1. Sorted by packing (mean other beta-carbon atoms within 10 Å per residue), highest first, where do 47-58, 85-96 land?
2. Tell me the carbon and sulfur percent of the accessible area for the chain, rounded to whole percent, probe radius 1.4 Å.
3. When the label point is put 7 Å from the Cα of Glu134 along its Cα-to-beta-carbon vector, which residues of region 9-53 have a backbone N closer than 15 Å?
4. Please list Ile45, Ile84, Ile34 from largest to smallest accessible area, probe radius 1.4 Å, with all protein chains kept in place.
5. Please find the FRET efficiency linking Lys22 to Tyr48, where r is the Cβ-Cβ separation and R0 is fixed at 35 Å, and quote it to the nearest 0.05.
6. Taking amide H atoms as placed 1.01 Å from N in the peptide plane, list the residues 5 or more away in sequence, or in a different chain, whose amide H sits under 5 Å from that of Phe31.
7. Using θ = phi - 60° and the Karplus form 6.51 cos²θ - 1.76 cosθ + 1.60, what ³J(HN,Hα) does each residue of region 44-52 get, whole Hz, x for Gly and Pro?
8. What percent do you get for the relative contact order of region 3-119 when only Cα pairs under 8 Å and 6+ apart count?
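The values are calculated or read from the model by the stated rules, or taken from the named source; none is laboratory data. Bear in mind the structure is a predicted one, so any value in this text is a computation, not a measurement. Methodologically, a virtual Cβ is constructed for each residue, glycine included, from the backbone with ideal geometry; neighbour enumeration extends over all protein chains shown. These accessible areas exclude ligands, DNA and RNA; they are computed on the full protein's heavy atoms, side chains included. Shrake-Rupley method; radii C 1.70, N 1.55, O 1.52, S 1.80 Å.
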Amino acid sequence: MSEPLAPDHQHTPAIRVMLMPKDTNAMGTIFGGIILSYIDQAGAIEAYRWCSQQLVTVSMHEVEFLAPVFVGDVVSFYAETVRIGRTSVTVQVDVEAERRVRGEGRVKVTEAVVVYVHVDGQRQPTPVDRRPPELPEG
Ligand SMILES: CC(C)(COP(=O)(O)OP(=O)(O)OC[C@H]1O[C@@H](n2cnc3c(N)ncnc32)[C@H](O)[C@@H]1OP(=O)(O)O)[C@@H](O)C(=O)NCCC(=O)NCCS
């Protein structure tokens, strides 16, 4: 069931993209893996705010596809840090499609929680450098 969003989403999206016919599955809608790839990128852009070295994705969970994405939709990926651990950053990503071609307005299509780990040059976990004041370590 699609969930309409308020017209003025509070955040600036980490990524905004128009999806093309090359991104479709056999049903003619956008392949879920394409959306997951953008979710991973959007979450990483957010997580890098707190980290000076490399990040790797360790888990992607609570992924829910709520409504299809169609060719020509303009899709926004909103990313918000929800937890900072010792070496990990957890980001909530909400995905909204603007159905310009179909004239159906904006619809929340997917949400996910992604966990990144800050790693050093030997790919070993290393402490996160910075954290937003409202998110103490925990
Ligand atoms: C990410 C990686 C470095 C973690 O190594 P590890 O030996 O498990 O490290 P640790 O046990 O010390 O855990 C490090 C952090 O990751 C978190 N973590 C580990 N596994 C997790 C999981 N499945 N889900 C959520 N968080 C996880 C830990 O809670 C810890 O966070 P904290 O320091 O904030 O408390 C290692 O698993 C790895 O290199 N994975 C491959 C990552 C990758 O290549 N991703 C791209 C996929 S194509």
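1. Values: 47-58: 15.6, 85-96: 20.5.
Per-residue mean Cβ counts within 10 Å order the peptides as 85-96, 47-58.
2. On the way: 4010 of 7550 Å².
Carbon and sulfur: 53 percent of the exposed surface of the chain.
3. Of the residues in region 9-53, 10-12 have backbone N under 15 Å from the label point off Glu134.
4. Details: Ile45 90, Ile84 0, Ile34 45 Å².
Greatest to least solvent exposure: Ile45, Ile34, Ile84.
5. Working: r = 28 Å, r/R0 = 0.79.
Computed FRET efficiency for Lys22 and Tyr48 comes out at 0.80.
6. The list, which skips near neighbours in sequence, is Thr24, Asn25.
7. Rounded to whole hertz, the list is 5, 4, 5, 5, 5, 4, 10, 9, 9.
8. Numbers: 250 pairs, mean separation 38.8, N = 117.
Rounded, it is 33 percent for region 3-119.
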